[in-house]
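> I have a structure I would like to understand better, so I am pasting it below and will then ask my questions one at a time.
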Amino acid sequence: MSDTSSLRPPLCEPAESAPNGKAAVEIRQLSRSFGSRKAVDNLSLHLPAGQIFGLLGPNGAGKSTTIKMLTTLLPPTSGSATVAGFDIARQPGCVRRSIGYVPQVISAEGSLTGYENLLVFAKLYGIRRSLRKKRIQQILEFMGLAEVQNVLVQKYSGGMIRRLEIALALLHQPPILFLDEPTVGLDPTARQLVWEHIEQLRRDVGTTILMTTHQMGEADALCDVVAIMHEGQIRAVGSPAELKSSVGDGATLDDVFAFYTAEQTDQRGGFTDVIRARRTARRLG
Ligand SMILES: Nc1ncnc2c1ncn2[C@@H]1O[C@H](COP(=O)(O)OP(=O)(O)OP(=O)(O)O)[C@@H](O)[C@H]1O
Ligand SMILES: [Mg+2]
């Protein structure tokens, strides 16, 4: 008899029994270098389960690199992390089974219909044949795509493609979802629709979501907790309200972003002055 042990799914025993209560993602001193450049520099973060966590930062801050390490697509240079209790280096198969991932670049196949894209993913995920059709129809309904399921994806709008990509990432019902700039390039209506689906996922399904965005309004509206990342390091973590009050009375999340990604402390002083002046102007009418 041939040895099929390598084909058997790995036993998914969590590497640790969530020491901090319900941690969906635990990152410890994670680093990744490309040559001499430290894209992610000694990152430590704790993501509680059931929350929407926003990773914000300028271009090149290291957001996508962080997500690629957590989704096991890129090995870290040093440090460790667990996702759904599984170690990203030692249990990559278990991590992959526990997550959905929507990358920054378009990933749906344009020459197939929405339904066909989902069918390919259902087979890849190993969803049983008897369950596939039902699961695909459920997710099409959930993401508001049932009516266009037989249309080629190349004819979809940007918003429809993004919703299909989220549907693809959700087919196997993962407890954790990684969304790298889910609404980039979408008009306000399409963006609003994606927001509603993300909120519904957290509220009705309890999915933990880690997302990146360059839209501060989006982070403010959706995220329970945000982290500001700059040059591979986390500069601040907290709820949008906490971060705003840490910068100054009347500060917006744009102010928070500018404050924590300022190169020099004297630039930060400038921001504080601007916020103070704005507040005074408001008071004077
Ligand atoms: N495969 C790679 N090879 C070399 N350098 C890389 C690679 N991937 C990322 N980098 C570098 O690592 C740094 C972080 O990139 P990353 O894509 O993580 O940033 P980001 O925060 O996602 O930026 P953006 O907001 O533009 O998407 C950048 O300097 C980038 O050029
Ligand atoms: Mg990126």
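The numbers here are math on the coordinates, done by the rules we state, and not lab data. Since the model is a prediction, treat every value here as computed from it, not as a measurement. Cβ: placed from backbone, ideal geometry, glycine included. Neighbour counts: every protein chain shown.
> Show the residues, 5+ positions off or on another chain, whose built amide H is closer than 5 Å to the amide H of ALA24.
Placed amide hydrogens put LEU47, ALA49 under 5 Å from ALA24.
> For a paramagnetic label modelled at 7 Å from the Cα of GLU196 toward its Cβ, which residues of segment 122-161 fall within the zone defined by backbone nitrogen distances under 19 Å?
Label zone hits: 138-149, 157-161.
> Is it possible to state the helix-based mean residue ellipticity at 222 nm for the chain, with each DSSP H run of 4+ residues giving -39500 (n - 2.57), the sum divided by total residues, to the nearest 500 deg cm²/dmol? What is it?
Per the formula, -11500 deg cm²/dmol.
> Describe numerically, in nm with one decimal, the distance between label points set 7 Å from Cα along Cα→Cβ at GLN233 and at CYS12.
Each label point lies 7 Å from its Cα, and together they span 3.6 nm.
> What Cys residues in the chain have no fellow cysteine's beta-carbon under 4.7 angstrom?
Isolated Cys, the chain: CYS223.
> Could you work out the longest stretch of the chain that avoids the trypsin sites (Lys or Arg not before Pro) located in DSSP loops with at most 15 other Cβ atoms within 10 Å?
The segment 129-285 is the longest one with no such site.
> Right, another one. Considering the alpha-carbon set of segment 124-201 alone, what are its Rg and its Dmax in angstrom?
When restricted to Cα atoms, segment 124-201 yields Rg and Dmax of 12.6, 39 Å.
> Between LEU124 and ASP187, what length in nm is gained on full extension when 0.36 nm per residue of separation is reduced by their alpha carbon distance?
Extra length available between LEU124 and ASP187 comes to 19.5 nm.
> May I ask for the distance between the Cα centers of segment 25-72 and segment 78-96, given as a whole number of Å?
Comparing the Cα centres of segment 25-72 and segment 78-96, I get a distance of 14 Å.
> Let me know the Kirkwood hydrodynamic radius for the chain, please, with Cα pairs as the basis and the value in Å to one decimal.
Computed over the chain, the radius equals 20.3 Å.
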